[in-house]
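The structure under discussion appears below in the form of structure tokens.
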Amino acid sequence: MDGDRRRWRQCLLGGAVFAVCMAGTTLPTPLYGLYQEKFGFSELVVTVVYAVYAFGVIGVLLLAGNASDTVGRRPVLLAGLAFSAASAVCFLCATGMGWLYAGRLLSGLSAGLFTGAATAYVMELAPSGGAARATFVATAANMGGLGCGPLLAGVLAQYAAWPLYLPFAVHLALVAGSAVVLARLPETVRDRRPLRTVRPQRPALPARVRSVFVPAAIASFAGFALFGVFTSVSPAFLAESLDVHNHAVSGLIVALAFFASTAGQLAVGRVGVARSLPLGCAGLLAGLALLAGALWWDLLALVVASAVAGGAGQGLAFRGALSAVAAASPPDRRAAVISMLFVVAYTGISLPVIGVGLLVGPIGLEGAGLVFIACMAVLVVAAAGYLLRRPARAHA
């Protein structure tokens, strides 16, 4: 019993480190308006800056997504914390657009190192028989950390001094504390090999995982696409269309989507993995419909409702996807397979976001948002139909 308590404590500490790293990736979200005023760039540039982060994540996942399976979890996570600290330093030193691009790229590198490795690490730190709870800890740390970033930055930017500096200074302190915690946690990879044995990972999956991976990847792409557009352009929409200039409110609305995702993940234990995937798609569709209403009628209440409904749907779909993929993966390939799932998810963050940015100029922010919603609605409906036709594969 004492051993189980110790293992759960380690699991939760690993989750806290995971959350700190992910919070740094969304910290700039409510601050983009201030950067626009300072450097004078367009909404397209905002979406490109945001998408640079996703490209960094995808690059690391493809080149070194399996690194922690080889050299161990802790060395990879410590490297991720180092990139996170370097990203904060870039934002602290920002005097032009180059610093923002560099900061977002480094942030993407940190997230790329953390996503697969930290998820596998948190699950491995849990005691035997605790896989379901450990999966929730990992996914909640991921999404909860993403939610805490804009909330922290928004509150500090609105109510404290130095809005473009204090959030990153606070995050640097949290990263330093996380490094100390991580150094005291045990390594979970027993058969470790030298760094030179790490090879770029080809986009291939073990045969036993493929039937589970397809529906999981579809749901993950749709959910992350909604999050990507919501977090990149919603602060601008709140300011331009709804006259909401309070950074704390802007950060809170974005955070609500991530917190609702955590609640959706918690519900997976009750509804089951197979049912959570199509139910998650239904939640995403509801979130898209509410967001369309918010853009059409300029209603703040619908923006909030969209964040809650879409976030809950994303949480249901993503935890179901992650649970199914992790359960079907061989132990020595688990982090690599999880990383491939995140490659698909972060592709959903990057490409639609840039598409919206390109459309803002000719048809405006609301028009670009409505085009995105129509495209994502088609994808979500197709994904839900696929999952309903193949429930046994989703449950595998």
Per its Cα gyration tensor (rounded if a/c is under 1.5, else prolate when a/b beats b/c, else oblate), segment 168-267 is best filed as oblate
I need the calculated FRET efficiency for the pair residue 270 and residue 382, taking r as the beta carbon distance and R₀ as 30 Å, to the nearest 0.05.
0.70
Classify the chain: rounded, prolate or oblate, from the alpha-carbon gyration tensor (a ≥ b ≥ c, eigenvalue square roots; a/c under 1.5 rounded; otherwise prolate if a/b is larger than b/c)?
oblate
Over segment 208-395, average the accessible area per residue using a 1.4 Å probe and give it in Å², no decimals.
35 Å²
If the only charges are +1 at each Lys and Arg Cβ and -1 at each Asp and Glu Cβ, what is the size of the charge dipole of the chain around the Cα centre, to the nearest 20 debye?
1760 debye
Length released on extending from residue 176 to residue 196, taking residue separation times 0.36 nm less the Cα-Cα span:
4.4 nm
Show me 207-213, 338-344 ranked by packing, highest mean number of other Cβ atoms within 10 Å first.
338-344, 207-213
Taking each full run of DSSP H in the chain as one helix, which ones are at least 20 Å long along their axis (Cα atoms) and have mean Kyte-Doolittle hydropathy of at least 1.6?
43-64, 166-184, 334-389
About its Cα centre, how strong a charge dipole does segment 208-395 have in debye, to the nearest 20, once Lys and Arg get +1 and Asp and Glu get -1 at the Cβ?
1160 debye
Expressed as a whole percentage, what fraction of the accessible surface of segment 297-396 belongs to carbon and sulfur atoms when a 1.4 Å probe is rolled over the protein heavy atoms?
74 percent
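The values are calculated or read from the model by the stated rules, or taken from the named source; none is laboratory data. Just so it is clear, the structure is predicted and the values come from calculations on it, not from any experiment. Cβ: placed from backbone, ideal geometry, glycine included. Neighbour counts: every protein chain shown. Note: accessible area is taken over every heavy atom of the protein model, side chains too, but ligands, DNA and RNA are not part of it. Shrake-Rupley method; radii C 1.70, N 1.55, O 1.52, S 1.80 Å.
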